[in-house]
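Just below is one structure, and these are the notes that go with it.
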Amino acid sequence: MLCPFCSKDNDKVIDSRASDAGKVIRRRRECIECGRRFTTYERVEQTARLIVVKRDGTRVPFARENVLRGIQAACGKRPVPEDVKERLADEVEEELHRDFDREVDSRRVGERVMLKLRDVDEVAYIRFASEYYKFRSVEDIMQQLEQLNSRVKDVKEQQKLF
């Protein structure tokens, strides 16, 4: 590692810590030549890239940024903290890499995002579902709302039992 101050390649690691759920390693270093300290970050590189098969049959590399952008659009101005949105995108990415070897259908990606959003914010869930399912009428939306309401009622009933 080259020192950013004196450009010498002679340093020692003082401290190492994992962050971002173990995906990034933060290392605190000290240059032996000039004595100054600096921080480096190492990210684990995914060797096997996951390919998303879109509805029209095209294949594109999986991009966590696209998932996060969809979550952010669905949440809009809803009171969902940014760290929760980031966590949802991370969870979806981890599940997809764990469950699929090389290719995943875009429908599967959307379904996983919807399941996560449903538990976080119902309005964001409906917004995402409206794009995902391409609702054509108010009846389509009403049907989805009825399913959501029945799910909420079931959860409340289960909570009463405990």
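Rule-based calculations on the coordinates, nothing more; no lab input. Keep in mind the model is a prediction, meaning the values are calculated, not measured. Counting neighbours? That spans all protein chains shown, and the Cβs are built from the backbone with ideal geometry, glycine included.
Some observations on this one:
- The angle between the Cα long axis of helix 106-120 and the longest principal axis of the Cα atoms of the chain comes to about 80 degrees, rounded to the nearest 10.
- Computed magnitude of the charge dipole of the chain (debye, nearest 20; Cβ of K, R +1, Cβ of D, E -1): 300
- Here the dipole of the range 51-135 is about 400 debye; that uses its Cα centre as origin and unit charges on the Cβ of Lys and Arg (positive) and Asp and Glu (negative).
- Calculated [θ] (222 nm, deg cm²/dmol) that DSSP helices of n ≥ 4 give over the chain, each run adding -39,500 (n - 2.57): -16500 deg cm²/dmol
- Once the Cα-Cα distance is subtracted from the 0.36 nm per residue extended length, the ASN66 to GLN143 segment shows a gain of 25.0 nm.
- Efficiency of FRET from Cβ geometry, GLU122 and ARG36, R₀ 41 Å, rounded to 0.05: 0.20
- Cα-based helix-to-principal-axis angle, 122-132 vs the chain, degrees rounded to 10: 90
- When GLU131, GLU65 are arranged by Cβ crowding within 10 Å, least crowded first, meaning fewest neighbours, the order is GLU65, GLU131.
- Computing FRET efficiency as 1/(1 + (r/R0)^6) for LEU115 and THR58, where r is the C-beta to C-beta distance and R0 is 22 Å, gives about 0.35.
- Taking label points 7 Å from Cα along the Cα-to-Cβ direction, HIS97 and ARG28 give a separation of 2.7 nm.
- Antiparallel bridges, percent of DSSP beta bridges restricted to the chain (to nearest 5): 85
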